[in-house]
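The values are calculated or read from the model by the stated rules, or taken from the named source; none is laboratory data. The structure displayed is predicted, hence computed values, not measured ones. Cβ placement follows ideal geometry from the backbone for every residue including glycine, while neighbour counts extend to all protein chains displayed. In case anyone asks, the SASA skips ligands and DNA or RNA and just uses the protein heavy atoms, side chains included. Shrake-Rupley method; radii C 1.70, N 1.55, O 1.52, S 1.80 Å.
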Amino acid sequence: RRAIEQAVRSEEDERQAVEKAIAEERRKRSISSAPQQPARKAKLPEETIVMIADDSRVVRVKTSRLLTANQYRVAAAEDGVDAARQIEASPPDVLVTDVDMPGLNGFQLAKMVRDNPRTAKLPIIMVTSDNEQLRAEAARIGVNVVLGKPYPEEQLIAHIQQLMDGQAGI
């Protein structure tokens, strides 16, 4: 009788071990066959909102025309304070900012953007006179690209596309 009970326990232990192995195999298969996260696609220009923060109306209009001619959507801010307010309400995909603006300059705006967890990864292009000290400060804050004035228009477009591709992980 003891031998029978031991055989039954042994059989039950073996059955549980087999069931456990089958369950583990199913789990491994479901993990390997689970759909992978699709790679994020870069936004097309017509899906991309570029904010221009510049106190010069002429620069805002000229840059807006360039961007819209290249199919980008544009948000314009007349200074750093206006840009900060708009970014807080609805962050753009890319920020193009001047350095010298009243109220909140480009460095202060960029630092504010980087310090906010909601906008910390927002790509920033800073436009300034070509000065190494300003470039170093921009890099320290986390500005992605610094363009010296004047810059070739196609260079701005190329940087925006490159930053958007980088956001998508391309």
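Key figures
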read-out: Within region 78-170, helices (runs of 4 or more DSSP H) holding 2 or more residues that are closer than 23 Å to Thr48 by Cα, open to solvent by 20 Å² or more (accessible area, probe 1.4 Å) and without any contact (Cβ under 8 Å) to a residue 24 or more places away in the chain; value: 80-89, 153-168
read-out: Among (1) without any contact (Cβ under 8 Å) to a residue 24 or more places away in the chain; (2) buried (at least 17 other Cβ atoms within 10 Å of the Cβ); (3) within 14 Å of Thr48 (Cβ to Cβ) - the single one Tyr72 does not satisfy; value: (1)
read-out: Residue selected from region 27-74 under the condition among the small types (Gly, Ala, Ser) and touching a helix residue (DSSP H, G or I) at 6+ places or on another chain (Cβ under 7 Å), by the criterion modelled with the highest pLDDT; value: Ala53
read-out: Index of the failed condition, Val50 passing every other in (1) free of Cβ contacts under 8 Å to residues at least 24 places away in the same chain; (2) closer than 19 Å to Gly166 by Cβ; value: (1)
